[in-house]
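Remarks on the structure that follows.
The values are calculated or read from the model by the stated rules, or taken from the named source; none is laboratory data. All figures in this text were calculated on a predicted structure; none of them were measured in a lab. Using ideal geometry, Cβ is built from the backbone for each residue, glycine included, and neighbour counts are taken over all protein chains shown.
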Amino acid sequence: MAGSASEYIQHHLQNLTYGKLPAGYERADGTVLDQATWTLAKTGAEASDMGFWALHVDSLGWSVGLGLLFLFLFRLAARRATSDVPGGLQNFVEVMVEFVDNSVKETFHGKNKVIAPLSLTIFCWVFLMNLMDLVPVDFLPQLFHLAGADYMKVVPTTDVNITLGMSLSVFALIIYYSIKVKGVGGFVGELTLHPFSSDNLFLKVLLIPVNLLLEGVSLLAKPISLALRLFGNLYAGELIFILIALLPLWAQWTLSVPWAIFHILIITLQAFIFMMLTIVYLSMAHEDSH
């Protein structure tokens with residue numbers, strides 16, 4: 001039972017991976033490749049052997065699909081917007097836009113027309129990806145298994161590659177706006193002249209490596225913390241759902257429903273935190289103190 005439970009968990013945590021296997025590679029079914037081949041991995045070992053350039057097809061597919069769903073719903077609401085009695089979709093979109101707009105006004109102290117749309121996109125997109133965690137763990141994987149897919153992870157934010165990709169995009173914006181607002185000299189000065197400084201030129205130069213180390217670690221911690229916080233919370237939540245699915249049917253219903261209700265708070269809160277930290281980091285990037 002322990003072995004089957006372990007295999008069940010590993011199967012549900014494995015991504016559908018597309019990558020390149022080298023010539024002479026012996027696959028799980030015993031076949032040996034005559035030449036290097038791009039293919040879908042049949043086992044976790046094959047996925048690991050595909051290396052860095054392998055793609056998680058399921059994570060990419062669901063994240064892009066949910067992003068398109070977000071664009072479709074908001075575009076549909078915009079096209080059907082009316083000054084008369086609004087429909088449910090228009091009410092929902094207006095509430096979301098007002099909520100994000102107020103959050104930006106309270107937190108972001110610079111002037112940038114990109115921040116509010118970016119924040120709205122981040123919140124809605126991350127929320128939709130997190131929301132997939134409420135789909136029963138066996139439902140969609142079984143459907144895709146019937147279609148021939150060996151693996152299928154349907155929660156993109158349980159894949160650290162997705163969360164790190166989003167956080168690195170935010171990090172690129174932080175660097176861009178830091179240099180744009182403060183200039184190259186201001187940005188370098190922020191990294192080398194803080195938090196320790198002195199009026200003595202010799203001491204100031206002596207403290208540069210210390211400041212660069214401290215500020216560099218602080219700067220690099222921003223995308224890492226953004227990515228790992230979202231990934232860790234959703235991965236843990238998904239793992240609990242998988243463990244519940246291993247229990248008898250009566251226990252599944254007893255535990256899964258309360259956990260799903262509580263998890264609604266988690267998926268909303270994590271989307272909100274990712275959005276708010278993005279706003280805070282970009283606000284700091286717009287602060288010109290030099």
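For the reader, a short list of remarks on this structure follows.
- Only residues that are without any contact (Cβ under 8 Å) to a residue 24 or more places away in the chain and in contact with a Leu (Cβ under 6 Å, 6 or more places away or on another chain) were counted in the range 212-245, giving 2.
- Odd one out for Pro117 among (1) buried (at least 16 other Cβ atoms within 10 Å of the Cβ); (2) of a type outside the set (Asp, Glu); (3) assigned to a helix (DSSP H, G or I): (1)
The rows are residues; the columns are (1) polar (S, T, N, Q); (2) farther than 20 Å from Gln270 by Cα; (3) at pLDDT 95 or above.
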| position | (1), (2), (3) |
| --- | --- |
| Phe123 | no, no, yes |
| Leu146 | no, yes, no |
| Asp159 | no, no, yes |
| Phe171 | no, no, yes |
| Lys182 | no, yes, no |
| Pro195 | no, yes, no |
| Ser198 | yes, yes, no |
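- Of the criteria (1) at pLDDT 90 or above; (2) assigned by TED's automatic domain parsing to the domain that holds Ser256, which one Asp49 fails: (2)
- Against the criterion of being under 26 Å from Ser283 (Cβ atoms), part of a loop (DSSP other than H, G, I, E, B) and not β-branched (Val, Ile, Thr), Pro223 does not qualify.
- Top-ranked residue of the range 51-60 - restricted to ones that are assigned to a helix (DSSP H, G or I) and touching a helix residue (DSSP H, G or I) at 6+ places or on another chain (Cβ under 9 Å), ranked as farthest from Asn112 (Cα to Cα): Asp58
- You will find that of Ser6, Ser63, Ser83, Ser48, the residue that is surrounded by 15 or more Cβ atoms within 10 Å (Cβ to Cβ), of a type outside the set (Val, Ile, Thr) and either free of Cβ contacts under 8 Å to residues at least 40 places away in the same chain or part of a helix (DSSP H, G or I) (or both) is Ser63 and no other.
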